[in-house]
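First the structure, in the form of structure tokens, and then the observations on it.
The values are calculated or read from the model by the stated rules, or taken from the named source; none is laboratory data. The model shown is predicted, which means the values in this text are computed figures rather than measured ones. Ideal geometry is used to build each Cβ from the backbone, glycine not excepted, and the neighbour counts take in all protein chains shown. Heads up: the accessible areas ignore ligands, DNA and RNA and are worked out on the full protein's heavy atoms, side chains in. Shrake-Rupley method; radii C 1.70, N 1.55, O 1.52, S 1.80 Å.
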Amino acid sequence: MLKNHLKIAWRSLKSSPLFSTINILGLSLGLAATLILLLYVFNERSYDSMYEDKENIYRVLLHTTDEDLETWANVPSALAPALEENIPEVKQTVRILQHDFGGTASIKAGNKAFIEDKLFWADNAILNMFDVKIIKGSGENVLTQPNTVLLSETTAKRYFGSLDVIGKFLTIDNRIEFEVKGIYKDFANNSSMKCNVIVPFMMQSSAKRPTWDNASFETFISLSSPTTNLADFEKKIQDILDTNVKKENQWYYFSLQPLDEIHLYSASYTDSYLSDLSDVNQVRNLTALALLILIIASINYMNLMTARSQKRAVDVGITKTLGASKSNLISRFYVETGLITFIAMLIGFLGAVAALPLFNSFIGRQMETSALFSIEIIALFVLLWLATTLISGSYPALFLSRFSPKEVLKPSRTKNSISGLVRKGLVVVQFTASIILIVGVVVINNQLEHIQNKNLGYNPDNVVAISLAAIPGGDSNEAMVDAFRKLPSVKSLTRAQGYPGMDVSGRSVYKQNSEQSMGIQTNGAEHDIAEVLQLKLLAGKLLPAQKTSADTIVDVLVNKKIVDFLGMTPEEAIGKNVRMYLGGHSYIKGVVEDFNFKSLHQPIGGYVFHNAPREPREFLLVRFKSETLTQSMSTFEDTFKSIAPDAAFDYKFLDKTLENLYRKERQTALVGLLFSVLAIFVACLGLFGLAAFTAEQRKKEISIRKVLGASVSGIVKLLSSDFVKLVIISLVVAFPVAYYLMNDWLQDFSYRISIGWQPFVFTGLISVIIALLTVSFQAIRAAIANPVNSLKTE
């Protein structure tokens with residue numbers, strides 16, 4: 001029986017080449033897109049699943065309790081040893097610190113200098129907790145020895161050209177020499193932890209003198225049992241905190257985050273050193289998009305099959321007259337659907353293999369083509385085939401198998417009207433989904449454009465931050481500043497701890513005579529910081545140009561957010577003493593207008609520039625003349641190398657740093673645009689097929705109308721109007737849904753656009769135009785056909 005069903009299905013495919021091509025093309029495109037998107041979703045959800053003890057590993061989070069409630073991925077260095085000492089359930093702990101609190105390192109290996117952005121100081125337990133596999137040298141206890149270093153396999157080849165590097169030396173930031181003791185296998189692409197270079201945390205002053213006030217260290221713990229009650233465990237952590245920190249000084253508390261949640265559920269957390277963090281909402285949206293495209297492709301099949309039901313009815317009637325049962329007919333139609341979907345799956349799979357590298361470039365991932373041939377994806381492939389066959393073939397099989405021989409000889413209008421109603425409903429569903437996607441892409445692009453054009457309160461254009469980490473304070477550092485100051489392309493410059501868009505030091509500012517506090521960012525800087533960033537001074541003066549080492553006064557330049565919190569006007573705040581953990585002699589020297597030093601997802605917070613000698617000023621911020629960019633950067637590098645020949649020239653443009661803050665949104669917009677176009681194309685394929693079928697069914701009517709004098713335009717209008725009405729119904733259904741979804745998405749931004757009427761008008765026009773173009777081709781073709789060819793067969 002199966003063999004006969006396959007023969008009939010194959011003959012049916014060959015007898016209607018246009019409909020078969022549309023069906024297969026639509027399904028293959030939809031399945032290719034679905035396969036790629038689901039591969040991405042699987043990849044995102046597989047993060048950190050490779051570790052043997054993954055179920056027992058947690059990251060400790062810090063939650064602030066001041067006015068601006070935040071969650072930090074970093075905690076004080078004293079917490080880890082306290083947990084090991086006081087809680088028996090703790091098997092081991094690991095503290096990690098990305099070099100220079102999230103900065104890059106200058107690495108000298110042999111005669112070459114490299115910029116390294118993944119150098120981590122870590123406790124020795126990292127090797128066991130994260131299954132670090134040593135492939136050369138010894139590494140079991142290497143991080144308990146000072147001045148030793150472990151390199152990843154790829155990094156060793158990058159630095160030295162081979163893996164024969166045990167016993168060789170490299171210098172970090174021109175300060176400390178480290179001996180290479182081991183080479184380890186690269187961390188997996190789907191690991192949140194990615195370290196190129198690991199050096200002993202024990203060398204950090206925070207390891208030698210751990211404190212409870214500096215929360216700059218990402219901390220992981222491994223518990224002895226997966227059945228540990230986390231609520232009780234967190235109470236024990238609070239008890240430790242109460243023992244070591246007075247209640248009035250507790251501006252934070254702790255919680256635990258399971259390892260398998262870090263990648264997808266940390267988007268709103270600050271100060272994490274882990275890379276490739278994603279957002280579970282984006283993964284959910286792409287999952288929904290994958291299913292949506294699959295449904296649109298399946299609807300095409302259902303539409304075209306029901307449209308052809310009148311032709312197939314005679315076949316069904318004769319088959320039933322000859323004794324075929326309903327179940328036999330259902331299986332026959334499912335076999336036909338299965339054949340079409342199988343062909344489409346094979347084409348779609350090949351399309352997914354070809355398109356994966358392009359998709360990787362869009363989303364910034366490195367999913368291997370070989371992943372498409374994994375057992376999981378093959379199983380998904382089979383599941384998609386079965387699901388698509390079941391969905392696509394359900395209505396044709398159940399609808400056509402109900403025809404009776406009597407109804408074939410005397411067709412029922414009710415049946416035909418039901419069939420037509422179903423087809424129209426499916427078209428509405430298709431275009432509703434496509435319209436929602438178009439509105440979403442337009443709103444996302446408008447929001448990104450709003451972000452790009454918003455006045456940030458400072459000017460990041462034509463400012464470069466050059467790392468001075470490899471040039472410690474002293475004559476070389478001063479010589480570097482003097483050399484840059486003399487360059488003709490330099491308009492202004494200053495040294496600073498960091499720059500807007502970069503996390504600097506987190507502190508709290510307190511109201512006078514009160515314990516009420518607000519979290520702030522503090523940035524050690526020099527006199528010209530306001531000029532370089534083009535900040536607007538509201539009151540007072542800038543930081544003094546000169547400051548002697550004997551001067552214990554700390555001058556601070558605060559933004560308006562801080563004086564508003566203190567309950568003062570900018571003028572009233574000048575000269576006031578403030579508590580912000582910069583020393584007891586901190587006085588407000590000046591007040592600048594608020595500026596967005598973080599992404600526009602967050603409201604403007606408190607920000608302070610100060611001249612306390614607490615943090616090193618490791619960046620030279622240079623404002624240069626815009627017309628000399630290429631020449632300036634070449635001159636900057638030559639000047640840098642002339643003073644620090646052994647250091648890597650490491651720099652970042654401030655405007656590019658800002659763009660990176662919205663990388664995730666840009667990827668979402670790009671992926672959304674790509675797959676929205678694909679979804680619309682697939683929907684239009686179905687519309688094209690329905691228009692072709694309608695034109696074929698109404699050939700006699702069109703011929704009679706032409707003989708009676710109907711114009712080509714009139715016939716085109718006649719055939720197109722029904723489809724345009726369906727698109728208009730889709731617009732009415734889609735617009736409220738799209739508004740709700742996109743308004744919800746915009747809530748993630750503190751500074752956002754209002755969804756006006758423009759996206760809906762644009763989408764409406766585009767949808768109607770696309771539908772008209774799709775349908776008009778077949779309508780015009782039918783209208784200009786010779787009526788004699790149709791009528792002579794009657």
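General remarks:
- Test result for Asn174, under 27 Å from Arg507 (Cβ atoms) and either at pLDDT below 90 or among the charged types (D, E, K, R) (or both): no
- Qualifying residue in segment 470-488 (condition: more than 31 Å from the chain's Cα centre (by Cα) and on the phi > 0 side of the Ramachandran plot): yes
- Any hit, segment 183-203, residues being surrounded by fewer than 21 Cβ atoms within 10 Å (Cβ to Cβ), within 29 Å of Asp646 (Cα to Cα) and basic (Lys, Arg): yes
- Count - residues of segment 519-561 that are at pLDDT below 85 and buried (at least 18 other Cβ atoms within 10 Å of the Cβ): 1
Conditions tested, residue by residue: (1) open to solvent by less than 20 Å² (accessible area, probe 1.4 Å); (2) assigned to a helix (DSSP H, G or I).
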{"residue": "Glu615", "(1), (2)": "no, no"}
{"residue": "Arg623", "(1), (2)": "yes, no"}
{"residue": "Thr630", "(1), (2)": "no, yes"}
{"residue": "Thr635", "(1), (2)": "no, yes"}
{"residue": "Phe640", "(1), (2)": "yes, yes"}
{"residue": "Asp646", "(1), (2)": "no, no"}
{"residue": "Asp655", "(1), (2)": "no, yes"}
{"residue": "Glu665", "(1), (2)": "yes, yes"}
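- Only one of the listed residues (Ala80, Ala105, Ala109) is open to solvent by less than 10 Å² (accessible area, probe 1.4 Å), among the hydrophobic types (A, V, I, L, M, F, W, C), at pLDDT 85 or above and in contact with a Ser or Thr (Cβ under 6 Å, 6 or more places away or on another chain). That residue is Ala80.
- Unique match (being within 30 Å of Gln452 (Cβ to Cβ) and part of a loop (DSSP other than H, G, I, E, B)) among Ile562, Ile604: Ile604
- Identity of the residue in segment 437-460, modelled with pLDDT of 85 or more and touching a Leu at 6+ places or on another chain (Cβ under 8 Å), that ends up most open to solvent (accessible area, probe 1.4 Å): Asn459
- Comparison of Ser467, Ser489 shows that the only residue that is open to solvent by less than 40 Å² (accessible area, probe 1.4 Å), modelled with pLDDT of 85 or more and touching an Asp or Glu at 6+ places or on another chain (Cβ under 7 Å) is Ser467.
- Of the residues Phe693, Phe675, the single one that is closer than 27 Å to Ser20 by Cα, open to solvent by less than 40 Å² (accessible area, probe 1.4 Å) and at pLDDT 75 or above is Phe675.
- Condition met for Ala530 (touching a residue at least 24 places away in the same chain (Cβ under 8 Å), out of contact with any helix residue (DSSP H, G or I) (no Cβ under 6 Å at 6 or more places or on another chain) and not in a loop (DSSP other than H, G, I, E, B)): yes
- 1 or more residues in contact with a Lys or Arg (Cβ under 8 Å, 6 or more places away or on another chain) and not hydrophobic (A, V, I, L, M, F, W, C): qualifying strands (runs of 3 or more DSSP E) within segment 83-199: 90-98, 134-137, 148-152, 169-172, 176-184
- The residues on offer are Asn86, Asn74, Asn124, and the sole one that is at pLDDT 90 or above, closer than 26 Å to Ser205 by Cβ and surrounded by fewer than 19 Cβ atoms within 10 Å (Cβ to Cβ) is Asn86.
- Beta carbons closer than 6 Å, at least 6 apart along the sequence or on distinct chains, pair a first residue in segment 235-257 that is of a type in the set (A, V, I, L, M) with a second that is part of a loop (DSSP other than H, G, I, E, B) for Val245/Trp212.
- Any hit, segment 575-595, residues being closer than 26 Å to Tyr662 by Cβ, touching a residue at least 40 places away in the same chain (Cβ under 8 Å), open to solvent by less than 60 Å² (accessible area, probe 1.4 Å) and of a type outside the set (Asp, Glu): yes
- Scanning segment 149-163 for residues being in contact (Cβ under 8 Å) with a residue 12 or more places away in the chain and open to solvent by 30 Å² or more (accessible area, probe 1.4 Å) gives a total of 5.
- Test result for Ser776, within 43 Å of the chain's Cα centre (by Cα), modelled with pLDDT under 75 and of a type in the set (Ser, Thr, Tyr): yes
- Screening Val314 with (1) at pLDDT 80 or above; (2) of a type in the set (A, V, I, L, M); (3) surrounded by fewer than 17 Cβ atoms within 10 Å (Cβ to Cβ) gives one miss only, at (1).
- Qualifying residue in segment 746-754 (condition: outside any loop (DSSP other than H, G, I, E, B), closer than 23 Å to Asn445 by Cα and among the aromatic types (Phe, Trp, Tyr)): no
- Scan segment 242-280 for residues that are modelled with pLDDT under 90, surrounded by fewer than 15 Cβ atoms within 10 Å (Cβ to Cβ) and of a type outside the set (Gly, Ala, Ser) and the total you get is 5.
- Taken over segment 40-71, the residue count meeting the criterion of being in a loop (DSSP other than H, G, I, E, B), modelled with pLDDT of 90 or more and buried (at least 18 other Cβ atoms within 10 Å of the Cβ) is 3.
- Cβ-Cβ distances below 7 Å connect the following pairs, each with a first residue in segment 345-359 that is closer than 21 Å to Thr21 by Cα, a second residue that is hydroxyl-bearing (Ser, Thr, Tyr) and surrounded by 15 or more Cβ atoms within 10 Å (Cβ to Cβ), and a separation of six or more residues or different chains: Ile347/Ser28; Gly348/Ser28; Gly351/Ser28.
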